[in-house]
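First comes the structure, then the notes that go with it.
The values are calculated or read from the model by the stated rules, or taken from the named source; none is laboratory data. Predicted model, so just to flag it, every value in this text is computed and none were measured. Reconstructed Cβ throughout: ideal geometry from the backbone, glycine too, with neighbour counts over all protein chains shown.
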């Protein structure tokens, strides 16, 4: 899944190398699972482990006006989590403050509220839902197709097909779709439970999603390369994404 804290960042060896601090963080609405990754990029010709690229001496905290300060501690491999439980609330703005080797790192995100969903269905080989969008939120969807008796393979979409937002000239609702669901589903549709997972994401994610492949041919998106990728983390020689989102599970009723 996107925003994974398990990825290690690499750079093509024929590109002039500059080391960057890489920040990857997610805040999920109505969840207390908070993990922020601080690592560094490295040339692809080096054989390094996650331990090798971890930044272990970052001073960091998350702050919100309504909940206060939550100091982050290093767990392992550059992963930091709050010392005290942080329950992420929909509609609240959270700011990330960090310092590494005397340089400051900053980002801010707002956790989107769940939208009103007016329709959800299987259509032309993919799942689609119609939502009433909230201000400053963008939307994406994945499918979840689970075997009812464990005799068939289950499928969960690995990537977003698109990220959609409300344009000024659109109506009050927007359509959000998944990628095409596996053909295996249609061979035994009665054997599966079908759900659409709707992601309500903070608005900056759309700019990242639209530019994420600009630095091809790079093996991992959290690295410097041939194009400009939008990041919402600022700091000297620092890039990354600190983003809030909320998930909604939508059962699909099949006729």
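Taking the stretch 18-34 as the range and being within 19 Å of residue 204 (Cα to Cα) and in a strand (DSSP E or B) as the test, the residues that pass are 22, 23, 24, 25, 26, 27, 28. When residue 156 is tested against (1) buried (at least 16 other Cβ atoms within 10 Å of the Cβ); (2) closer than 30 Å to residue 54 by Cα; (3) modelled with pLDDT under 95, only condition (1) is not met.
Residues are listed down the side, and each one gets a yes or a no for (1) part of a strand (DSSP E or B); (2) modelled with pLDDT of 95 or more; (3) under 21 Å from residue 119 (Cα atoms); (4) touching a helix residue (DSSP H, G or I) at 6+ places or on another chain (Cβ under 6 Å):
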{"position": "167", "(1), (2), (3), (4)": "no, no, yes, no"}
{"position": "172", "(1), (2), (3), (4)": "no, no, yes, no"}
{"position": "199", "(1), (2), (3), (4)": "yes, yes, yes, no"}
{"position": "215", "(1), (2), (3), (4)": "no, no, no, no"}
{"position": "222", "(1), (2), (3), (4)": "no, no, no, no"}
{"position": "249", "(1), (2), (3), (4)": "yes, yes, yes, no"}
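Among the conditions (1) surrounded by fewer than 16 Cβ atoms within 10 Å (Cβ to Cβ); (2) in the same structural domain as residue 188 (by TED's automatic domain parsing), residue 101 misses just one, which is (2).
Going through the stretch 122-137 one residue at a time, which ones are at negative phi and in contact with a strand residue (DSSP E or B) (Cβ under 6 Å, 6 or more places away or on another chain)?
Looking only at the stretch 122-137, we keep the residues that are at negative phi, and these are 122-123, 126-135, 137.
Of everything in the stretch 122-137, those that are at negative phi and in contact with a strand residue (DSSP E or B) (Cβ under 6 Å, 6 or more places away or on another chain) turn out to be 126, 127, 128, 129, 130, 131, 132, 133, 137.
Quick check, is residue 130 in contact with a helix residue (DSSP H, G or I) (Cβ under 7 Å, 6 or more places away or on another chain) and either modelled with pLDDT of 95 or more or not assigned by TED's automatic domain parsing to the domain that holds residue 183 (or both)?
no
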